[in-house]
1. Just to check your reading of the model, which residue among 53, 68 is more than 30 Å from residue 191 (Cα to Cα), more than 16 Å from the ligand (Cβ to nearest atom) and modelled with pLDDT of 70 or more?
2. Would you confirm whether any residue within the range 51-68 is closer than 21 Å to residue 115 by Cβ and surrounded by 21 or more Cβ atoms within 10 Å (Cβ to Cβ)?
3. Return the residue satisfying two criteria in turn: it lies in the range 218-232 and is assigned to a helix (DSSP H, G or I) and without any contact (Cβ under 8 Å) to a residue 60 or more places away in the chain, and of such residues it is surrounded by the fewest Cβ atoms within 10 Å (Cβ to Cβ).
4. Being crowded, with 17+ Cβ neighbours inside 10 Å and either in contact with a strand residue (DSSP E or B) (Cβ under 9 Å, 6 or more places away or on another chain) or not in a strand (DSSP E or B) (or both) narrows it down to one of 183, 177, so name that one.
5. Within the range 70-159, considering only strands (runs of 3 or more DSSP E) that don't extend past its boundaries, which have at least 3 residues that are in contact (Cβ under 8 Å) with a residue 24 or more places away in the chain and over 18 Å from residue 40 (Cα atoms)?
6. Just one of the numbered conditions (1) near the ligand (Cβ under 9 Å from one of its atoms); (2) touching a helix residue (DSSP H, G or I) at 6+ places or on another chain (Cβ under 6 Å); (3) within 16 Å of residue 221 (Cα to Cα) is not true of residue 75; which one?
7. Does at least one position in the range 127-148 carry a residue that is at pLDDT 95 or above, more than 14 Å from the ligand (Cβ to nearest atom), more than 26 Å from residue 78 (Cα to Cα) and out of contact with any helix residue (DSSP H, G or I) (no Cβ under 9 Å at 6 or more places or on another chain)?
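The values are calculated or read from the model by the stated rules, or taken from the named source; none is laboratory data. Everything numeric here is computed off the predicted structure, so don't read it as measured data. Don't worry about glycine lacking a Cβ; one is built from the backbone with ideal geometry, like all the others, and counts go over all protein chains shown.
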Ligand SMILES: C[S@@+](CC[C@H](N)C(=O)[O-])C[C@H]1O[C@@H](n2cnc3c(N)ncnc32)[C@H](O)[C@@H]1O
C-alpha cells in the first residue's frame, strides 16, 4: 500500500480520509452541529404539537409493563431519551447511519447501533413490540421507503405496532417565497426518485403490508410567531432546514450562492408576517396473525 500511495504522508492522508468519510445514505441534508440541534428541536416541537405525546399507538400500558422498542433513524436519540425515562421497564434500541451522532452515554434501558438501514436490519424477525419511524422523507427513495416498511413489519412481534410519521413538505397558506422553496424541495426529491408526498401514503403502505387496526391523525405545525412561541420555534427550525438544503436548492433553482442566501433570509421574514402551517401525519398499524 505504501508503495502504491507513493509516500508516507499520502498514505496517512488516505487512511484518515477513509476512516472519516461519512456515510450519509441518501439523506439529502448533510448533518452537522446545526442540523443536530434542528433535529433535537424538532422533537420538542412535535411533542408539544401532538398534545405532549411522543407516540400515537395505543401502547402506553404495554410500555409501562415493559416491551421492546425500535426507533429507526434515531438521530441523536432525542425520542429514545424522552421515552426511556417515561417508560423505564421497556427496552429501547435506536439505529442510525451516522456514528458520530450516536450517544455514548445513555440510560441502561437504551442501546444504539450504527446501522445503514439500506444495507439491511441486523435483527431477527419478530423482535420488537413497537417500531417507531419518524421524519425520514428526505432519506429514502420511494422504493426504499416501501422496502423498509416491509422489513419493519417482519421485525414486529405478533400483535406489535408499527408507527410512521412524516411532515408535509409544502405549507398551508404559503407566501410566494415559501411556495418557491416548496416547489424546489419537491423537484429535488422527484429528481432522486424520492416521494415528496409520502406522508399521504403511510396508511396505504401499512395496509399493503398486512397491518390491521390502522389509525391516522393529522396534526398542524404552525410556522409563524403569529401563532406563539411554538410557531416561532418551528419557523426557525424550517429556516435551519433550508440552510441544510442550501446547495441542493441553489442547484435545483438555478440560483447563485448569494441569491439563495438572500432568498432563505426572505423566507424568514415571510413566516414572521404570515400564518402558515404544515400538516404532520401520524399513522399506526398492528400485526395481527391469523
Ligand atoms: C430528519 S432526521 C430524523 C431523526 C429522528 N427520526 C427524529 O425524528 O428525531 C433523519 C435521521 O435518519 C438518519 N438516516 C438517514 N438515512 C439513514 C439510513 N440509511 N440508515 C439509518 N439512519 C439513517 C439521518 O442520519 C438522521 O439522523
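1. Just one listed residue meets the conditions, 68.
2. no
3. The qualifying residue surrounded by the fewest Cβ atoms within 10 Å (Cβ to Cβ) is 229.
4. Answer to the selection: 177.
5. Result: 128-134.
6. Status for residue 75: all satisfied but (3).
7. Among the residues of the range 127-148, not one is at pLDDT 95 or above, more than 14 Å from the ligand (Cβ to nearest atom), more than 26 Å from residue 78 (Cα to Cα) and out of contact with any helix residue (DSSP H, G or I) (no Cβ under 9 Å at 6 or more places or on another chain), which makes the answer no.
Residues are listed down the side, and each one gets a yes or a no for (1) loosely packed, with under 13 Cβ neighbours inside 10 Å; (2) in contact with a strand residue (DSSP E or B) (Cβ under 9 Å, 6 or more places away or on another chain); (3) modelled with pLDDT of 95 or more; (4) within 15 Å of residue 171 (Cα to Cα):
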| site | (1), (2), (3), (4) |
| --- | --- |
| 199 | no, yes, yes, yes |
| 210 | yes, yes, yes, no |
| 213 | no, yes, yes, no |
| 216 | no, yes, yes, no |
| 234 | no, yes, yes, yes |
| 250 | no, no, yes, no |
| 255 | no, no, yes, no |
| 262 | yes, no, yes, no |
